[in-house]
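The next block holds one structure in the form of structure tokens; read it before the comments.
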Amino acid sequence: MSFAPTMTELLARARADLRMGVPVVLSDGAEGVALISAETASAARLSEMRGMGAVLAITARRAETLKARAYDGDVARILLPEDADGRWLRSLADPADDLRVPMKGPLRSMRDGSAHLHRMAIMLAKAAHLLPAALVAPLADPKGFAAAHGLTCLEAGLAGPLLAASAKHLSVVAARLPVEAAGAGRLHIFRPDDGGEEHYAFEVGAPSRERPVLARLHSACFTGDVLGSLKCDCGPQLRAALRQMGEEGAGVLLYLNQEGRGIGLANKMRAYSLQDQGFDTVEANHRLGFEDDERDFTLGAQILGKMGFSAVRLMTNNPRKIEMMEKAGVTVAERVPLKVGEGDLNRAYLATKAAKSGHLL
């Protein structure tokens with residue numbers, strides 16, 4: 001029936017379930033797993049999962065901090081001790097107290113069997129902007145278990161490729177919007193088909209589709225763009241890009257809702273807390289279990305294509321943006337440097353971006 005949810009729709013439901021602390025089932029043929037976010041699991045559900053033989057799936061980045069073996073390459077499956085409770089679970093998933101209690105173990109990692117469903121569990125947690133850690137318990141009859149408990153069930157073979165792919169974006173509406181920094185403009189709203197956050201394109205003037213347009217891929221930064229944070233250069237970059245577009249009379253600002261390099265605002269604040277303990281921005285992300293940068297800049301290329309642009313003069317200091325745009329079919333005719341916003345409180349942050357992320361500063 002057409003009323004039945006598609007796999008894309010089920011994935012959106014699964015993300016919401018995990019944020020609420022509700023388990024999700026992954027099915028792979030006759031076998032499968034039940035999983036729940038380590039961040040949102042209740043004591044009662046933790047107890048049930050422990051009784052089912054659950055292990056804690058974490059990324060190799062987090063395992064490195066915990067001195068745990070990642071036998072599966074990018075994933076570690078940590079065996080739960082008999083007395084594992086919510087405090088133990090949170091201490092492994094969240095590095096907030098790592099310096100106060102550096103010895104979490106000894107931790108034993110599972111090395112037999114496949115870890116592909118555990119890997120998918122971590123991908124789901126990331127997609128829900130939760131800590132990349134999940135309790136995963138084996139199931140002999142995953143579909144039956146999901147039906148008996150009213151849980152969302154995902155077929156791994158169908159859900160995996162969708163999780164790894166970029167969502168398709170549909171144009172919702174556009175309207176005139178004059179702004180202080182750039183003058184006359186038009187704001188376009190794009191909605192992804194996976195139920196995720198909307199992204200925006202602000203079109204300054206009436207840029208030609210026949211030649212490279214001055215463009216900026218800007219990731220949302222609530223702390224910098226809205227509050228004027230002095231820890232980063234995001235706010236100054238946003239305003240400088242709009243000013244230059246206004247001065248030239250044309251341009252496109254792509255405002256992508258990928259806060260905190262794609263890890264979400266809550267995890268970004270966790271990273272800031274770790275920076276207060278002396279770690280740089282890359283080290284903080286790794287201790288949380290994330291990569292240096294989890295963003296997908298091909299979203300910007302897709303939106304540009306829908307707006308009729310095929311070539312850009314890209315305002316960026318980040319070579320990775322250029323690489324992703326080119327791979328997605330958008331020609332980067334010129335890199336336009338955007339060096340603004342350096343101050344006493346973000347100088348070390350900018351130095352880390354240059355040294356560890358290759359930014360051209």
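The values are calculated or read from the model by the stated rules, or taken from the named source; none is laboratory data. Everything numeric in this text was worked out from a predicted model, so none of it was measured. Methodologically, a virtual Cβ is constructed for each residue, glycine included, from the backbone with ideal geometry; neighbour enumeration extends over all protein chains shown. Note: accessible area is taken over every heavy atom of the protein model, side chains too, but ligands, DNA and RNA are not part of it. Shrake-Rupley method; radii C 1.70, N 1.55, O 1.52, S 1.80 Å.
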message: Give me the extension gain from Ala164 to Ala206: residue separation times 0.36 nm, minus the current Cα-Cα distance, reported in nm with one decimal.
response: 11.6 nm
- prompt: Rounded to the nearest 0.05, what FRET efficiency do Arg111 and Ser273 have when you use their Cβ-Cβ distance and R0 = 35 Å?
  reply: 0.60
- prompt: Arg347 to Trp88: extension gain in nm, 0.36 nm per residue of separation minus the Cα-Cα distance?
  reply: 89.6 nm
task: Can you tell me how much longer the chain between Ala30 and Leu360 gets when fully stretched, taken as 0.36 nm per residue apart minus their C-alpha distance, in nm with one decimal?
output: 113.7 nm
- request: Averaging sequence separations of C-alpha pairs under 8 Å and six or more residues apart, then dividing by the length of the chain, give the relative contact order as a whole percent.
  value: 17 percent
- request: Measure off 7 Å from each Cα along the Cα-to-Cβ vector at Arg239 and Met103, then give the distance between these two points in nanometres to one decimal.
  value: 5.1 nm
statement: Relative contact order as a percentage, the stretch 1-92, C-alpha pairs under 8 Å and 6+ apart, gives 20 percent
statement: Given unit charges at Cβ for Lys, Arg (+) and Asp, Glu (-), the dipole magnitude of the chain about its Cα centre in debye, nearest 20, is 420 debye
statement: Within the stretch 142-259, the percent of DSSP beta bridges that are antiparallel, given to the nearest 5, stands at 80 percent
field: Probe 1.4 Å, accessible area per residue of the chain, Å²
entry: 47 Å²
query: Lys/Arg Cβ at +1, Asp/Glu Cβ at -1, dipole of the stretch 1-159 taken about the Cα centre: which of Thr8, Ser114, Ser42 is farthest positive-ward?
result: Ser42
- prompt: Out of Ser229, Ser310, Ser114, any idea which swings most in a Gaussian network model of the chain, alpha carbons joined below 10 Å?
  reply: Ser114
- line: With +1 at each Lys and Arg Cβ and -1 at each Asp and Glu Cβ, the charge dipole magnitude of the stretch 179-261 around its Cα centre, to the nearest 20 debye, comes out at 200 debye
field: Given Lys126/Lys321; Lys67/Lys143; Lys126/Lys306, the pairs whose alpha carbons are separated by over 31 Å
entry: Lys67/Lys143
